[in-house]
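Student: The structure is given below, and queries will be raised subsequently.
The values are calculated or read from the model by the stated rules, or taken from the named source; none is laboratory data. Nothing here was measured: the structure is a model prediction, and the numbers come from that model. Neighbour counts are summed over all protein chains in view; Cβ atoms, including those assigned to glycine, are modelled from backbone coordinates with ideal geometry.
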Amino acid sequence: MEIVSRPHVDSFIKWSATRPEVLVLSADLTNSCEVGQWRDTYPDRFVTAAMAEQNMLGVAGGLAREGFVPFIHTFAVFIYRRAYDQLAMSVAYPNLKVRLVGFLPGIVTPGGVTHQAVEDVAMMRLTPNMTVVETGDATEVESVLGAIEHVDGPVYVRMLRGEIPRLFPASEPMVLRRSRLLSEGDDVTIITAGITTEEALRATRVLHSAGVGVTHVHVSTHKPFGDSILAEAIERPGHGVITMENHVITGGLGSAVAEYAAENGIGGRLVRLGLRDTYAHGASRPYLMKEYGLDAGALVSATERLVGQPLGIAESDLEAARLDVVHSIAKAEAL
Amino acid sequence: MEIVSRPHVDSFIKWSATRPEVLVLSADLTNSCEVGQWRDTYPDRFVTAAMAEQNMLGVAGGLAREGFVPFIHTFAVFIYRRAYDQLAMSVAYPNLKVRLVGFLPGIVTPGGVTHQAVEDVAMMRLTPNMTVVETGDATEVESVLGAIEHVDGPVYVRMLRGEIPRLFPASEPMVLRRSRLLSEGDDVTIITAGITTEEALRATRVLHSAGVGVTHVHVSTHKPFGDSILAEAIERPGHGVITMENHVITGGLGSAVAEYAAENGIGGRLVRLGLRDTYAHGASRPYLMKEYGLDAGALVSATERLVGQPLGIAESDLEAARLDVVHSIAKAEAL
Amino acid sequence: MIGAGPPGGTATADIAGLERIAAGIRRRVFEHVFRHNGGYLSQALSAGEIFAALYGSVLNLGPVTGDTRPGRFPGVPAAGNTAYRSGGRFNGAPAPDRDRFLFSPAHYAIVLYAALSEVGRLHDSAMEEFNVDGSTMEMIGAEHSPGVETTTGSLAQALSQAAGIALGRRMRGESGRTWVFMSDGEFQEGQTWETLAFASFHRLRGLRAVVDANGQQCDGAMVDVGNIEPLIDRITSFGCHAVEVDGHDIAQLVDAMASDTSKPLVVVARTDPTHTFPRLAERAPLLHYLRFTSAAERASYEAAYAELSGKS
Amino acid sequence: MIGAGPPGGTATADIAGLERIAAGIRRRVFEHVFRHNGGYLSQALSAGEIFAALYGSVLNLGPVTGDTRPGRFPGVPAAGNTAYRSGGRFNGAPAPDRDRFLFSPAHYAIVLYAALSEVGRLHDSAMEEFNVDGSTMEMIGAEHSPGVETTTGSLAQALSQAAGIALGRRMRGESGRTWVFMSDGEFQEGQTWETLAFASFHRLRGLRAVVDANGQQCDGAMVDVGNIEPLIDRITSFGCHAVEVDGHDIAQLVDAMASDTSKPLVVVARTDPTHTFPRLAERAPLLHYLRFTSAAERASYEAAYAELSGKS
Ligand SMILES: Cc1ncc(C[n+]2csc(CCOP(=O)(O)OP(=O)(O)O)c2C)c(N)n1
Ligand SMILES: Cc1ncc(C[n+]2csc(CCOP(=O)(O)OP(=O)(O)O)c2C)c(N)n1
Ligand SMILES: [Mg+2]
Ligand SMILES: [Mg+2]
């Protein structure tokens, strides 16, 4: 598998060339959010807001009212936690074309609880007028700008940075409200988003070999939620549905599936994998994925629960199924 | 029906008499949150935080670390929107015994979108460590303090003020995690909380007369969610479940029911009544309840949808079923 | 980069005319208060001259676009809500050389509506729709309300938005200024200080705030609830140009608003929340919202008001 | 109401001893940085003397409670998590006459850990656990981390909590002071200004903040990213007692921290983020986090450091 280094950097610079209305607002995390080069390329369109996120959200609203399209770049937590009132009243309520590009989703960072956005999808889903998308690979990072361009209102982008695998061919860009069907099978449905998709791909291979038919869907649009691929996958009779999200299980992907199922009277069982009403702590991503049950092993266990029998899959089978290229083993330190 | 005037005033003063660790923190809405008399009674335990909610949440955390039990009193929006990061990191993460008493739930106020807490339950549910309760009548307002007293962690109280009906006898206080079964029947299950219960009571009478068997459950604990009464009501076979909440339908009561149903593989249909991905506007409570489909009429329509046939209930039948005493018709103006 | 505003200043302003506007604003609010047994009266008493100076002289606004009637609530802003109309239209269409006016403390809405009515921007009958179900004349102004362009009932959010607007306008080379009316309570919110720092750092000389420093808030006198003084020093230390004036002296107000400075301007108008109606002081410290306790009390206030206005 | 702290001041402080602590703090951070190819080095360079003054002289703390080893992550605070232990235990048990120390800019954690190690509050081997999976020695300190009592990686939240603690302690008549270490970046957050206003309004004389005014933040020099000057004027206008010192002069630091004032105290320590290691300045304006670009660069920094420390 190809690993792409910092795909957002070039993609965003190139995309902005013909769009003079695009601005970047940064709250002192310019390089950490991969827009240092963007700033140097378009210095007049870069607004330093310093470490004052509440004001930044309001300024973004004002600029959007003037016809600009501000792209806020900072760590996600400092958007939706630190400045929620401003986000709600100065951006979401007036349905302004502000792009909230939030970095460090869930437990990808060793920065600990204050830096890990574990409830962002939930908070953005419950926010009226907000569109919510999440990137899960390099192709999605490269194509998210185009996918959301015509959304007439605020968009929250759950963004990846750094070394990112390419799971989906560059020829299949992210499309708003279109899920990806990654495999089909009649026993269980697995729904993932963001970094959990890569992990699930490892598990589904092994599950298929163990004779379990898996329908696997990757979601990139959390809101508006639901498309025909998702609907079919959720409705598929079988032992049930498993969601795995890099997020608390309340209010995010798992809840969206639950809401969809309940409103449509679909009776299959749902198992939601994710953080269970807890914040996490600072450690490496693989360590935390294991600790909080966000890895291939957790998916196998959940499948066993649904099908009601042990599948005899060993940790080593999952190891063996590791995709060709793995992440740089150096542990992230800088934020 | 009895209408009780400002039950929180006396109840809280009395309750605090023997609890010197209880403090009140107010952000310039002391009288609007019915703690003016409390302040005059316990001036040394009252902390004016002025209109600076972020700091207030942090101060509350500090006081709680010193063994005090701060009761924040302000409009709900200024707790969970204005100061979410502080609420999350300075109060919820450390699991401190802070009581967040939030006023003006949903569309009870003509103060408009900036004052109407339409997403508070969702935000507090997704917040780790948080316990979430909602008051629905005078008895619950009077007994909520006792119900949450022993919760070892932060509690969000969705509070009512002013003239409040007594729906439940004073001898049946609020109990944490215990729902109230208000009627039983086999056709539909209706689940309500807060002010929607009073409205539902009007509808259920008429529905019963129209031959529809209604199981009606009133919820006062949103989190932790679920008790045997709720479980039975949701699992009851019939045409399905209707939730009616003074809140957006994403992340609150309706979603909690959906999550419960999906995790348990219960296949009945769910209809969620509430605000549909929208903020509201400033107008009187009855006007808004009608506009946003939070009234008895909306409940009847939803029931008709579930049972699949018109029930021939007229607006006038619901009018006639109005409970003995109605609210002061004077429109609230002051905040 | 931002040009000087329209001709103004004491020399040209018709002080007597502006005083009549201030009196008219108060009259309209009093009428409402008597009819509805209460309301946001102290805000009209403290801010009457400020609004008179702004709408009667200082602001360089175009004509109202469309009807001067407030209209019905058009739904919230949303993709596909084509019926939506911003309350900003009562301040005229935005134009490069025109001023923009943002209204921050949304509970002052009645004062704003009264001012718009006085200067002919709002239909004479509009005040009757105040806080009426389904009208845009909301008690706490939202951005569909006449004269309101941002939704700022959660206080201290307009200044940031104004800074964004002023920045955007500067990027486009516009000469018009961006004004914000603020209450002093808003200087307790941290966001205000973030914005003043931002505005001075970015040299947003087009940004001009006018503050009704009436020294009061919901719980009473600010000195007892949460002190913000010395306000001038605080603002100055944050890099803005602060000018202090008697907020009931229209000539001073107009002069201060015309200050020539390369920094963001903050006019601190020292006001009295009982100005022109000293009787109200009997309610101190709770002046934020008036509700008559009895019909008799209301009648006695009406009599006091009649006597005073006969005099003035 | 709050008594004077422990005896201190220039007269009694062992300046040379404190300077050794500062050097030791830097040495430990350098060692880490060389071993791990980078780290928060500039913070150790700017704040070495501040931590030396605090832990070596000023703070009146009790002995560490329990083991001086950091221990494993005990889970997050939660009802029923009986294994949970606060990192505050490394600052001793709270006591009425003792000081409390709150650590605000959590990315300075390595400097704090190094300081605790230098004064014997943290086991000598602890630094090896820095940022190791499952250890409490988190890169961004949380409240289970040694010396850390509040979770403040989201900046500017400790001061409010400290104000609450100081207020609570005053209510109980305690004489000990409540200290907060802050970075200058935190003065860009509105919350800091809300808290200074709160602290001065409530006369929290027990509250004492010490600021590492190193003039830098993630994006570079603060003057280019978001100016906070004149910081002393800003703090003073918010009603606190501000004292400015050379943050590398331990005698000045100790004196300033002993200031006798009835107001909340803010010591603004002017520092140099390359102090003792001028070579780092070649990376300006990006000093916030150091990552070596090559093994050769690291080796040359190591050599430079060895030479300097040989000298000093
Ligand atoms: C963020 C926020 N917190 C609290 C409130 C509630 N509130 C409305 S008006 C007001 C008083 C603020 O002071 P000021 O605007 O100066 O009051 P006035 O002079 O009109 O009495 C408060 C606290 C609010 N609207 N917004
Ligand atoms: C509320 C918040 N916003 C943004 C950040 C990201 N951040 C971490 S350190 C930092 C720089 C702040 O300045 P300062 O602490 O003075 O930096 P230093 O002197 O260590 O370079 C920022 C913006 C944060 N931790 N918290
Ligand atoms: Mg005021
Ligand atoms: Mg700094």
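Student: Would it be correct to say that C:Gln161 is within 16 Å of ligand 2 (Cβ to nearest atom) and within 14 Å of chain A (Cβ to nearest Cβ)?
Tutor: No: the conditions fail for C:Gln161.
Student: Would you be able to tell me the number of residues in region A:42-90 that are among the acidic types (Asp, Glu), assigned to a helix (DSSP H, G or I) and facing another protein chain (nearest Cβ under 7 Å)?
Tutor: 1
Student: OK, next. I need the full set of residues from region D:279-294 which are touching a helix residue (DSSP H, G or I) at 6+ places or on another chain (Cβ under 9 Å) and not aliphatic (A, V, I, L, M), in order please.
Tutor: D:Arg279, D:Arg283, D:Pro285, D:His288, D:Tyr289, D:Phe292
Student: What is the residue count in region B:113-134 for residues that are within 9 Å of another protein chain (Cβ to nearest Cβ) and either free of Cβ contacts under 8 Å to residues at least 24 places away in the same chain or within 30 Å of C:Phe73 (Cα to Cα) (or both)?
Tutor: 7
Student: Could you list all residues from region C:205-238 that are among the basic types (Lys, Arg), more than 8 Å from every other protein chain (Cβ to nearest Cβ) and surrounded by 24 or more Cβ atoms within 10 Å (Cβ to Cβ)?
Tutor: C:Arg208
Student: Give the residue, chosen from C:Ala93, C:Ala126, C:Ala114, that is free of Cβ contacts under 8 Å to residues at least 60 places away in the same chain, more than 14 Å from chain B (Cβ to nearest Cβ) and either touching a Gly at 6+ places or on another chain (Cβ under 8 Å) or within 16 Å of ligand 2 (Cβ to nearest atom) (or both).
Tutor: Testing whether each residue is free of Cβ contacts under 8 Å to residues at least 60 places away in the same chain, more than 14 Å from chain B (Cβ to nearest Cβ) and either touching a Gly at 6+ places or on another chain (Cβ under 8 Å) or within 16 Å of ligand 2 (Cβ to nearest atom) (or both) leaves just C:Ala93.
Student: On to the next question. Check off (1) more than 11 Å from ligand 1 (Cβ to nearest atom); (2) surrounded by fewer than 24 Cβ atoms within 10 Å (Cβ to Cβ) for C:Glu194 and give me the number that stays unchecked.
Tutor: With (1) more than 11 Å from ligand 1 (Cβ to nearest atom); (2) surrounded by fewer than 24 Cβ atoms within 10 Å (Cβ to Cβ) applied to C:Glu194, the lone miss is (2).
Student: Follow-up question, since we're still on this one. Against the definition (touching a Lys or Arg at 6+ places or on another chain (Cβ under 6 Å) and over 24 Å from A:Gln54 (Cβ atoms)), how does D:Arg177 come out, yes or no?
Tutor: Here the answer is yes, as D:Arg177 does meet what is asked.
Student: Also, quick follow-up: Within region A:228-248, can one find any residue that is in contact with a Ser or Thr (Cβ under 9 Å, 6 or more places away or on another chain), small (Gly, Ala, Ser), more than 8 Å from chain B (Cβ to nearest Cβ) and assigned to a strand (DSSP E or B)?
Tutor: The answer is no; no qualifying residue exists.
Student: Now for a separate question. Considering only residues of region C:187-201 that are over 18 Å from A:Glu53 (Cβ atoms) and not small (Gly, Ala, Ser), which is nearest to the other protein chains (Cβ to nearest Cβ)?
Tutor: C:Gln188
Student: Restricting attention to region B:180-208, which residues are of a type in the set (Gly, Ala, Ser) and without any contact (Cβ under 8 Å) to a residue 60 or more places away in the chain?
Tutor: Within region B:180-208, B:Ser183, B:Gly185 meet the criteria.
Student: While we're looking at this one, here's another question. Filter region D:155-183 for residues that are part of a loop (DSSP other than H, G, I, E, B) and among the basic types (Lys, Arg) and give the result.
Tutor: Of everything in region D:155-183, those that are part of a loop (DSSP other than H, G, I, E, B) and among the basic types (Lys, Arg) turn out to be D:Arg172, D:Arg177.
Student: For region B:1-41, how many residues meet the condition of being in contact with a strand residue (DSSP E or B) (Cβ under 7 Å, 6 or more places away or on another chain), away from chain C (no Cβ under 13 Å) and among the small types (Gly, Ala, Ser)?
Tutor: 2
Student: Please verify whether B:Leu100 is at pLDDT 95 or above, touching a strand residue (DSSP E or B) at 6+ places or on another chain (Cβ under 8 Å) and within 9 Å of chain A (Cβ to nearest Cβ), treating the condition exactly as stated.
Tutor: No, not satisfied.
Every residue, every condition in (1) assigned to a loop (DSSP other than H, G, I, E, B); (2) surrounded by fewer than 24 Cβ atoms within 10 Å (Cβ to Cβ); (3) within 18 Å of the chain's Cα centre (by Cα); (4) within 10 Å of chain B (Cβ to nearest Cβ), yes or no:
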| residue | (1), (2), (3), (4) |
| --- | --- |
| D:Ala142 | yes, no, yes, yes |
| D:Gly153 | yes, no, yes, yes |
| D:Gly185 | no, no, yes, no |
| D:Arg203 | yes, yes, no, no |
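Student: Condition (residue is modelled with pLDDT under 95 and touching a helix residue (DSSP H, G or I) at 6+ places or on another chain (Cβ under 7 Å)) applied to region A:218-227: is it met by at least one residue?
Tutor: yes
Student: Of all residues in region C:87-121, count the ones that are buried (at least 24 other Cβ atoms within 10 Å of the Cβ) and part of a loop (DSSP other than H, G, I, E, B).
Tutor: Counting residues in region C:87-121 that are buried (at least 24 other Cβ atoms within 10 Å of the Cβ) and part of a loop (DSSP other than H, G, I, E, B) gives 2.
Student: Name the residue that is nearest to ligand 2 (Cβ to nearest atom), counting only residues in region C:185-218 that are touching a residue at least 60 places away in the same chain (Cβ under 8 Å) and within 18 Å of D:Phe201 (Cβ to Cβ).
Tutor: Among those residues, the one meeting the criterion is C:Glu186.
Student: Does any residue of region A:256-270 turn out to be modelled with pLDDT of 95 or more and closer than 22 Å to A:Ser143 by Cα?
Tutor: no
Student: Would you check if D:Ser237 is touching a helix residue (DSSP H, G or I) at 6+ places or on another chain (Cβ under 7 Å) and of a type in the set (Ser, Thr, Tyr)?
Tutor: yes
Student: Select, from A:Ser316, A:Ser301, the only residue that is at pLDDT 95 or above, among the small types (Gly, Ala, Ser), at negative phi and surrounded by fewer than 22 Cβ atoms within 10 Å (Cβ to Cβ).
Tutor: A:Ser301
Student: Same structure again: Give the residues of region C:253-271 that are over 15 Å from the mean Cα position of the chain (by Cα) and in a loop (DSSP other than H, G, I, E, B), sorted by residue number.
Tutor: C:Ala258, C:Ser259, C:Asp260, C:Thr261, C:Ser262, C:Lys263, C:Pro264
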